[in-house]
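Data block below; observations after.
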Amino acid sequence: MPTKKSVKASVKKAAKPAVKKTAKSSATKPGLAPGDKAPAFKLSRDDGSAVSLSSFKGRNLVLYFYPKADTPGCTQEAMDFSRLRTAFAKANTDILGVSADPVVAQAKFKAKHKLGVALASDETTTMLQAYGAWGEKSMYGRKFLGVIRSTFLIDGKGRIAGVWPSVKVAGHAEAVLEAARALVAD
């Protein structure tokens, strides 16, 4: 019977190649892959201000898409990115979470959990679609359209540096931080 320690070690080993493999994958619908120009966007932030891709010119950007504010997986992901915010800043990297929730819901979510990352709203799903983060999902046999949990690392020149489609929350923020640090080291 495996010990807790051996299970953790095997999970770490299994997760690492998956991140590398998916970083080169073009599983997202528009086929965005490392080296591609990131689609421009302009959205409303949780504080009511506007945010766009050009807001991050010269800095790296973690753009993570999450299905719904204040649900367990989305809360954990936002808290993980918030917890690592200082480490991302040291790697010249900003973080922006995006969902189709209205700005009011984003603001409540951020305040309730004291999140340290910016959140943006794409109620029209235009930007979500441009990044391949909007598509058909299935839950309990029911099919519907929704946000596909995925993450993009964009370099300071507006190019995709990494892609994580169909994200599993556990350990994800740490894997993205590792990629952001590698980007700065290059």
- Item | From K68, K57, K90, residue being in contact with a Ser or Thr (Cβ under 7 Å, 6 or more places away or on another chain) and open to solvent by 20 Å² or more (accessible area, probe 1.4 Å) | K68
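Condition check ((1) of a type in the set (G, A, S); (2) more than 12 Å from the chain's Cα centre (by Cα); (3) farther than 20 Å from V169 by Cα; (4) in a strand (DSSP E or B)) across all residues:
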residue: G58; (1), (2), (3), (4): yes, yes, yes, no
residue: F88; (1), (2), (3), (4): no, yes, no, no
residue: I95; (1), (2), (3), (4): no, no, no, yes
residue: K114; (1), (2), (3), (4): no, yes, no, no
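Listed here are the residues, each with its yes/no results for (1) among the β-branched types (V, I, T); (2) touching a Leu at 6+ places or on another chain (Cβ under 8 Å).
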residue: K90; (1), (2): no, no
residue: V98; (1), (2): yes, yes
residue: P102; (1), (2): no, no
residue: F109; (1), (2): no, yes
residue: V117; (1), (2): yes, yes
residue: S121; (1), (2): no, yes
residue: G132; (1), (2): no, yes
- Message: Looking for something over 16 Å from V147 (Cβ atoms), of a type outside the set (D, E) and out of contact with any strand residue (DSSP E or B) (no Cβ under 9 Å at 6 or more places or on another chain) - is there at least one such residue anywhere in segment 61-76?
- Response: no
- Query: Going by the structure shown, is S82 out of contact with any Pro (no Cβ under 6 Å at 6 or more places or on another chain), assigned to a strand (DSSP E or B) and either open to solvent by 10 Å² or more (accessible area, probe 1.4 Å) or of a type in the set (S, T, Y) (or both)?
  - Reply: no
- Report whether or not L96 is open to solvent by less than 40 Å² (accessible area, probe 1.4 Å), more than 17 Å from K42 (Cβ to Cβ) and modelled with pLDDT of 95 or more. no
- Query: Which residues, taken from segment 132-148, are more than 22 Å from A40 (Cβ to Cβ) and touching an Asp or Glu at 6+ places or on another chain (Cβ under 9 Å)?
  - Reply: K143, F144, L145, G146
- Please specify each residue of segment 29-52 satisfying the condition of being assigned to a strand (DSSP E or B), touching a helix residue (DSSP H, G or I) at 6+ places or on another chain (Cβ under 9 Å) and open to solvent by less than 50 Å² (accessible area, probe 1.4 Å). L43
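The values are calculated or read from the model by the stated rules, or taken from the named source; none is laboratory data. These numbers come from a predicted model, not from an experiment. Every residue, glycine as well, gets a Cβ built from its backbone with ideal geometry; the counts of neighbours run over all protein chains shown. The accessibility values were calculated without ligands, DNA or RNA, using every heavy atom of the protein model including side chains. Shrake-Rupley method; radii C 1.70, N 1.55, O 1.52, S 1.80 Å.
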